[in-house]
Amino acid sequence: MKIYVPHPYHDREKVIASNSGAALSGFNHVQALSKYCEVYMPASEAVDYGPNLHGIRPSFETIDSSRQWFERQGYDGVLMFEPKADDVAFFRHVCPAPIVIRLSCSFGRNRDFIDKVLQCYSLLRPCDALSPKSVYVADEIGKLVFDKSYLHPITNGIDAEVFVPMDKLQARKEVADKTGDQRFLEMPVVGFCGRFEPGKGAYPFLRMADLNPNVLFAVIGKQFAPVTHPPNVVFLGAQPYTAMPLYYNMLDVLCALSVYSYESCPSTVIEGMACGLPVVATNFAGAPELLGSCGRLIEIERFEDEPLNVTGYIAPEVISDAVRDLLNSKTERVEMGEGARKRALEFSWDHTAQQHMALFEDLLVKRDAPACPIPVTVNFSQGCDVSGNPKSMSKIFNYLGSRQGPLPRISFLGQDMSLLEGMGLHLMQHLHPNEVEAALLGLCETRDRAYKTLRKIRHFSDMLTAP
């Protein structure tokens, strides 16, 4: 199988230096895929990056030349990571292979992201798919779209050979030597890994430090360091990806407190689990799916109108109680950590790649399945009111089906329909179903009305075109 990835995820050192979780996720994903298929990425000239991993120079000068280029390459699929809608529109028109789009999230009031997801969904062909990074995100997107069959959630993976349990005392000695801070050898250590921002849980983490002066709270990651903060909080800064196992392993408990609307499959949670850590996380986004029973989940108070894409509030006292319980029970911490390591092994990048390979195979079958299309010809004829006067289009569009206008009829069945149904069936002959959905949403006064009409015309169309 040949897969095209329109993102240059091949330079490991560059990706690691970027400290971007999304770029690192894409790199690991591509590396895992190359174990099961030939992977091609855009490059200025043809080059091999490794076994089954190739750079290729695309020919995208015009629509026709792009279409011819894809036909010559014979790709079996295209995997896109968080693409722009314009890019999806381009690939849909020029590439006959199924397209799978990886998505982080689509919920809350993060309008830019939601708009992008809905635009991508509207552009999908029947043989394409959306692949959210958690079931939670798939459920949230499912609230916004009619056809949920396009949603195929597949979680990210973990490099279980990089993130491994280490001797905790030795890890602490190394960190104490690096920082010159002997408190790492003298106090329990609770960690925060990631950007130290409000939506990631910065405030409740600092408040926990106030509540637990005998515990050391370590922040590892990009951060704003507050001018004033509790003396038992230490800021270690962003660390290289390859050094992160050391910092995870010197912790007793890891906190993952994000309530950002764009969180989906938090890498911090699964990395900490792979290092054998008990995790205290918010009951939000993909964290519960990863964590299972290998940690503590903290409920959040959801904001109906979120500020700056922050979706909720976490009570520091509740988190503090959960952390303190784990610190007071070494037996529970060890058992939970061992369980976390075993569970993390279920989320390998190989497994993620295998799931996507199976998805591409299913989409190819769908694309190549024989069909028996029967053109549905819809005729619109003038009607008149009780006085014999022709009805005006302006009046018809004011009511859109609640009043009868130009009467839509299916010519060979002689069946009358509402104006909405007739327009929908007519559009189905020229547009993809998801585009018809977008049009009906614009014409109907409610989403329920649009979906009721869409369901009716799609079922009717299926009955006529079923083999």
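The values are calculated or read from the model by the stated rules, or taken from the named source; none is laboratory data. Since the model is a prediction, treat every value here as computed from it, not as a measurement. Neighbour counts are summed over all protein chains in view; Cβ atoms, including those assigned to glycine, are modelled from backbone coordinates with ideal geometry.
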(message) Any residue that is surrounded by 12 or more Cβ atoms within 10 Å (Cβ to Cβ), within 27 Å of the chain's Cα centre (by Cα) and at pLDDT 95 or above - is there at least one of those in the stretch 365-384?
(response) no
(request) Answer with yes or no whether Asn156 is surrounded by 16 or more Cβ atoms within 10 Å (Cβ to Cβ), of a type outside the set (Val, Ile, Thr) and under 18 Å from the mean Cα position of the chain (by Cα). (result) yes
(request) Give the stretch 50-78 a look and list any residue that's of a type in the set (A, V, I, L, M) and within 19 Å of Val88 (Cβ to Cβ), or say none. (result) Ile63, Val78
(message) Against the condition under 23 Å from Lys330 (Cβ atoms), within 26 Å of the chain's Cα centre (by Cα), assigned by TED's automatic domain parsing to the domain that holds Leu326 and of a type in the set (Ser, Thr, Tyr), how does Tyr262 come out, does it pass?
(response) no
(request) Return the only residue of Lys148, Lys143 being charged (D, E, K, R), in the same structural domain as Phe360 (by TED's automatic domain parsing), in contact with a helix residue (DSSP H, G or I) (Cβ under 7 Å, 6 or more places away or on another chain) and surrounded by fewer than 17 Cβ atoms within 10 Å (Cβ to Cβ). (result) Lys148
(request) State all residues of the stretch 191-218 that are at pLDDT below 95 and in a strand (DSSP E or B); if no residue qualifies, say none. (result) Cys193, Phe196
(request) Please state which of the following conditions Gln182 fails to meet, knowing it meets all the rest: (1) closer than 24 Å to Leu327 by Cα; (2) crowded, with 23+ Cβ neighbours inside 10 Å. (result) (2)
(message) Of the residues Gly388, Gly405, only one is at pLDDT below 70, surrounded by fewer than 13 Cβ atoms within 10 Å (Cβ to Cβ) and either assigned by TED's automatic domain parsing to the domain that holds Ile101 or among the small types (Gly, Ala, Ser) (or both); which?
(response) Gly388
(request) Would you mind stating whether Glu445 is outside any loop (DSSP other than H, G, I, E, B) and either of a type in the set (D, E, K, R) or at pLDDT below 60 (or both)? (result) no
